[in-house]
1. Considering only residues that are assigned to a helix (DSSP H, G or I), surrounded by fewer than 24 Cβ atoms within 10 Å (Cβ to Cβ) and within 12 Å of chain B (Cβ to nearest Cβ), which ones fall in the stretch C:187-204?
2. Looking at the stretch A:164-173 only, could you name the residues that are touching a residue at least 60 places away in the same chain (Cβ under 8 Å) and either under 22 Å from residue B:174 (Cα atoms) or surrounded by fewer than 24 Cβ atoms within 10 Å (Cβ to Cβ) (or both)?
3. Of all residues being outside any helix (DSSP H, G or I) and facing chain C (nearest Cβ under 10 Å) in the stretch A:205-254, which is surrounded by the most Cβ atoms within 10 Å (Cβ to Cβ)? Just the residue, please.
4. Going by the structure shown, is residue B:249 under 13 Å from residue B:165 (Cα atoms) and touching a residue at least 12 places away in the same chain (Cβ under 8 Å)?
5. Restricting the search to the stretch C:266-287, which residues are in a helix (DSSP H, G or I) and away from chain A (no Cβ under 12 Å)?
6. So which residues in the stretch C:97-121 are under 15 Å from residue C:53 (Cα atoms) and either under 14 Å from the mean Cα position of the chain (by Cα) or at pLDDT below 95 (or both)?
7. Determine, yes or no, whether residue A:179 is within 13 Å of another protein chain (Cβ to nearest Cβ) and surrounded by fewer than 23 Cβ atoms within 10 Å (Cβ to Cβ).
8. So if I check each of A:221, A:238, A:285, which one is under 30 Å from residue C:256 (Cα atoms), at pLDDT 95 or above and in contact with a strand residue (DSSP E or B) (Cβ under 7 Å, 6 or more places away or on another chain)?
């Protein structure tokens, strides 16, 4: 399968604009129609204020590039797709990201704009994606996951907070009330087959076929008519996307609940157990988060 | 896996309040955070006016108990979870239940309040749950079913009436139009694997692992922060729960259609065939209800 | 399994009214309650202006016949259920169909009225159903598909247009955003098992059991009370059907995009490759439509 890049670019955002230096991911514009983003933020692809700022810039490029049809997001680390948010013990850095063009705070702004962009975004998931990592894949249009090497989850309730990047709004619509409540409240990891059965991902694909299958879909989409993709997607958006007003209240809950002494103490305990490093805690976070619960304290 | 019950109870509803005598189920407050309700109304766990009244009282306790995180509902009878409603040839007893705090009639009031309660309700389903029994599990937050020993269904259309406890509203949102219409209009039983495939339950679990898996989830939830559970659930409620106004019109249809001579005659015929007893009719109700249809009459 | 036809017909639309001569399908009124429609428009069951006109008439009969409970739609051609729309190089014939009673243009009018009709419509799918063929099965209440011999898809985006018969509205609600976007934007075929996993059909049934299973369901439904079916379905309609206003804008997009020179050229190329005939192109349309894309032109 090969792509022929031809025809004039019909707007001002040239592929060259994409060639700035990014620090938490690399960008490979494989053809006019197809771009691949590879998350690469060692050791475990946490999302930080820097990641959010770079994604905001990237989404701005995506929105303005009418040559582009498809963006694939994968990971350089086969064990971690996007671990979760890391506040880097510096809440000010995240707060300083401010409000985006949608009027939402930065993280929700990135996710909402990506979901509404006139292209097809594809999460090619291998490894772990929890919390904000899960929120990112839920904002992508299509999700394909390694059958053998995927762990997805929203762990927030297990650490005493409310998820702030829209998963109540998105999972409820995607997998239905019962399974959304299980994912959000039990706050454990789902593997690839269960994620497929629940509808959390489009499909779990055998690990050795995942890259080929996503590549074939991306190359196919790159050749389609941009306007047909954009308009058809916009009608699905009307029926399936949450309103922006649904996304702000949980952010306030997150801040209030995370600021409580018990949750701050649990966060400290998680760091002692290996949070944000390539630790056993991070590899089995769904199960092991219980080791940080208050009644385990000495 | 063990639970440590600690910390002060932060409201007035003491666990002791739960220790009244219940007649259609037993109550086991296993820890401050975790309560188990076991339906036990021989011979087949029909739901009667008494069951509804007791459930209304139980839901009142659940709503006021801010120590509580999770309530598991299971059955003492492995063949019948909750058979269906039994009007006990005394419609007056059901009518006398009146209107609940939500402004809905008693059965819908119980279901709506359970669905909105700030805890996680779990149906651990083994055996048959049809009609109002299915409506009850649909109002629970999570549904886990025995892979081998589950039969779920809404049989009402097969006896010429409209289901009155909200399954059009709840199934439509949970499993989508096509499968909701099949469940409601074909009115046959679904076994565990099909219920999982359709999204009617979260998961079908091998019978010998069902109790252990539900217990592990309940014990886990009991240790989580109550406020994180309650607020996160409330955002899912906003997207997934029907409005109360959807629930009343079908109750009127039910009354009108059930009052017709042909349906009264079919009901009599069902009683002759073994309704409300541990009969072959009840064990295979989805299939055998056709034996009560008018054109089988002599 | 046998059906007893009895009882007086309680309205004016006698079964005899159905016996006119139809050209694109046959009609078999198997009992008062049960009618079977078999698509038979060689060579591949394309949908044309004639098909739409006949279906409009048929749906009018269905709406007025209060004896009828269930209508099964199958195909005389095991390889093609309903290929897709064939404009017969005569857009005027389609335009002349005008506006139906719902105020929608003819094709959407037929689909909306079928979906709201007070009966159970069942698509018994064997063979290919793409584009308008897929739109038809999505407007039916229940969809059962041959496990081995089904290919479903919305190919429109692959030929540079927007689907005009409601699949953005219907698939979004039926299978969720992620899978709806995949079906609509990747525009490839889904086989029976994948269609079941995605919820595109109720179930994929082994080919040699499909006819028997659908027959059993139809015969069962034919015996049920018409009023119970109609009223129960109407409550599911309230929650699951799109508003009519969602259906018109994509029709305008379709017209605008299809009128572009590149899309007209692609259409000509498809005809050269065997469109509307029993060709390899039609048998593998999801894959082979890429052979008609502009950058393959000499």
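The values are calculated or read from the model by the stated rules, or taken from the named source; none is laboratory data. These numbers come from a predicted model, not from an experiment. Quick reminder, even Gly has a Cβ in these numbers, built from the backbone with ideal geometry, and neighbours come from all protein chains shown.
1. Result: C:193, C:196, C:197, C:198.
2. Correct list: A:166, A:168, A:169, A:170, A:173.
3. Only one residue tops the list, namely A:224.
4. no
5. If the condition is that a residue be in a helix (DSSP H, G or I) and away from chain A (no Cβ under 12 Å), then C:267, C:268, C:269, C:270, C:271, C:272, C:273, C:280, C:281, C:282, C:283, C:285 are the ones that fit.
6. Scanning the stretch C:97-121 gives C:106, C:107, C:108, C:109, C:110, C:111, C:112, C:113, C:114.
7. no
8. A:221
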